[in-house]
């Protein structure tokens, strides 16, 4: 602390004041006294601001801490789903039963052929010591129930049937998958495990022979839902979400922009307009499940639209996003300086021309940002979509807006509910996919805003 | 004039108009004076009458300059040299108008002398004095037109000649009046006429001071050399 | 052009008993004037005296403010501009406006000037539009400075240039009357002088009404001046008379800087 001589120039002025109006205290004290008092109080003030900083830092650390815990949990649960266990089986495909006269694969024959049986039989050959139906069934459970279908797809994709025995890699069952990834506890009591002791023995044998491997789980990204976790993927859910969001944007954006323009420029001031404005703002806070109920009652019940369709899902989400976009649009329109509007009107442009030629183009970045944020919100909504039925078990990737579909967050919900451990890790991976989409959309919104921000 | 032009062309035009009006007044005043000095010798009555009646024109022109100067100040808010230009124009106009008045006075008195039939007093230098005063006016108005402070200062110093001539003339006339009492009336008028011419010389220096003020922003510092000793003449 | 000895033409605009209300509050009280054609008339007065409000009556910009109500008549060419039958959009093609803060559109210089003629359909093809743009920029004294960069953004110009661009934009529509609401208050003295000189040129073609809070500007630029105070017209007359011998005490007090 250093002492500064502030001088006493103000003293005379203050002394005259104090003598004429009788004001006592520090105000009329000489400068040195006042400055000493202020300096003394400075210590307390600095301590208070340090404390405040500390609280702020603690709050941020706590928030980031929770975020880290969340992300760590999800990632640690989900990253293993990126891999899928496959088992090597030597199979000889009987060409005669698959091919037609020309030597090409006959689709009919292929469809009717018992691929699953072929796989199982071939697999059993590796374990000649396994006899007895029960045991053999137990052995077969080590492979995926859809292994036969997988093999058929491999053969059909290749287009030829090789002669003689060939080693094929087929998917293991989800229990083996979990075992391989170390997610199954081998030490607990057999009755509490899904893998029985004999299966463990066989598993170890396969591992010892190196007939088992982990490959990238492309099924997750290319297939729709399935009963078997190893055959389940999010493609159906992603497409369903995408279709629903397209409907949302196509419906919500024009309606919201037009509503905002009307409210800003054309609505006559009065009770009715105030009423509308208040309600638009309130709608933004309504719980999303209420919109689901609305969709259920009106779209499905009254209009009889197809259940589980992305069309209906999109409409419900559009209603939900409408207030967000209206509010963002109004804020952007208001940010356009009124001088532009005056200039356009002064030249003889009609209010509509002014809005279309000048105001909206300048408000566009803000509108876009608001829309992206609204879409990002809608992407993560589960409750309203459940209400209108996009929660069914759908095995096909939806091809149109009226096909039954499901959405990504709903898929996550369905999977997280199931008993299989493998679905748990897959739902964590799906959450990571969803988070990735959300983060990239928000990033896009930030970048767009930065790029188009104009300084007036 | 070598100065830059104003962005407002109307402003330039106003100042130019003002300047031209003052020049016109100057020409008129000088012409009046010239004619009056000549008429002293010729004693031509018609000319004298014309001088007297022309004086109204000078009054009108001075009023117009006044009006214009007020207008320029009110509407253009001139500053610095522009402001000095307007103020100087006003001042010079007043001086020129009074010069014209003196010319008229000279004409009036000449008329009286002529009508009384008195002869001119011999050995009179008054024409010469009038000449010098006339030249001073010419030169100082030229200095004003060109914003030439050097020329103005030179005219300013020249007034001493007029003063000398006036003092000499004064003594001469007194001597003549003492010698011949019949010449007293004429002599008295002549004394006044000479005084008027001397005053006109002073006016020319006044204009010179204004030109100096216009160019440099201040009147000349040194005091002007004066040599009018007529107030000290006691006896013949 | 000498700003003082202009012969007064026939009156172009005749406001008659114009009053303006914002809700219940009255901002202008029964103003009547005769505005001369092809000359500059200035409105002066302290802040809040109603001069800008009055100016905006001439192109019905007050319509944009919801609570604003204009009573009285404004006669131009035997038509009352204030009548509800008049379409403001049409009116604004005849009465142009330049605002206090230069407000070019965030588009190119060419597009700024072309916008007005475009929406009114004044150019049949590209050549005609090019001509309109060039002519307007020339009349606004800006052509030499921007002729080689018509496709640059208008916001890259200096303040004074932007305001001249706004003037060019207004006159591109070919109005009879130009309204200027404190056009120089956001500009430095040199830019102001340039625009005042421009106004002197423009008055040969347009009837100009200018609101200004600078009395010196009104003195320099206008032939007639109207002094407003608290919504009333106090005095209206030749600029020269107002600034040398005003007839009203209040006018005298304002001009000499004795009141707000």
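All of the numbers you see were taken from the coordinates with simple rules; none came from a lab. Just so it is clear, the structure is predicted and the values come from calculations on it, not from any experiment. Reconstructed Cβ throughout: ideal geometry from the backbone, glycine too, with neighbour counts over all protein chains shown.
Convex hull of alpha carbon positions in segment C:19-117: directionally averaged projected area 8.0 nm². Put in line by how crowded their Cβ is, counting other Cβ atoms within 10 Å and starting with the fewest, B:44, B:147 read B:44, B:147.
What is the projected area of the convex hull of the Cα atoms of segment C:11-255, averaged over all directions, in nm²?
On the way: hull surface 52.7 nm².
So the Cα hull casts an average projection of 13.2 nm².
Which value in Å does the Kirkwood hydrodynamic radius of chain B take, with 1/r averaged over all unlike C-alpha pairs and then inverted? Spell out each step's value before the answer.
On the way: mean 1/r = 0.0531 Å⁻¹.
In chain B this quantity evaluates to 18.8 Å.
Relative to the longest principal axis of the Cα atoms of chain B, helix B:80-116 runs at roughly 20 degrees.
Could you give the alpha-carbon Rg of segment A:81-221 over 2.2 N^0.38 Å, rounded to two decimals?
On the way: Rg = 16.1 Å, N = 141, 2.2 N^0.38 = 14.4 Å.
Taking N as the residue count of segment A:81-221, the ratio is 1.12.
Most fluctuating residue of C:25, C:51, C:240 in a GNM of chain C with Cα springs under 10 Å: which is it? Looking only at C:25, C:51, C:240, the biggest GNM fluctuation is shown by C:25. Over segment C:76-183, the alpha carbon radius of gyration divided by the compact-protein estimate 2.2 N^0.38 Å works out to 1.09. Restricting attention to the protein assembly as shown, close to 70% of DSSP beta bridges with both partner residues there are antiparallel.
Need the C-alpha centroid separation for segment C:87-118 versus segment A:329-356, integer Å. The two parts, judged by their Cα centres, are 12 Å apart.
How large is the Rg to Rh ratio of the protein assembly as shown when both quantities use alpha carbon positions and Rh follows Kirkwood?
On the way: Rg = 50.4 Å, Rh = 39.3 Å.
Reported Rg/Rh, Kirkwood definition of Rh: 1.28.
Using only the alpha-carbon atoms, how far is helix A:271-283 inclined from the longest principal axis of chain A? Give it as 0 to 90 degrees, nearest 10. Approximately 50 degrees, to the nearest ten.
Between segment A:167-242 and segment B:17-63, the C-alpha centres lie 125 angstrom from each other.
Histogrammed with a bin width of 5 Å, the alpha carbon distances of segment C:157-260 distribute as 2, 11, 22, 22, 17, 13, 9, 3, 0 percent, first bin at zero.
The tail of the calculated P(r) for chain A, taken as Cα-Cα distances beyond 44 Å, holds 43 percent of the pairs. If a/c stays under 1.5 just call it rounded; otherwise compare a/b with b/c (prolate if a/b is bigger, oblate if not). Do that for segment A:146-264, with a ≥ b ≥ c from the square roots of the Cα gyration tensor eigenvalues. Oblate is the answer for segment A:146-264, as a/c is 1.5 or above yet b/c matches or exceeds a/b. If you bin all the Cα-Cα distances of segment B:1-100 at 10 Å, starting from zero, the percentages per bin are 15, 40, 25, 13, 6, 0. Among A:330, B:76, a tally of other beta-carbon atoms within 10 Å of each Cβ gives an order, fewest to most, of B:76, A:330. For chain B, the longest principal axis of the C-alpha atoms and the axis of helix B:126-146 are separated by about 0°. Centre-to-centre, using Cα atoms only, segment C:138-186 and segment A:124-147 are separated by 89 Å. Here the residues A:68, C:68, ranked from fewest to most Cβ neighbours within 10 Å of their Cβ, fall in the order A:68, C:68.
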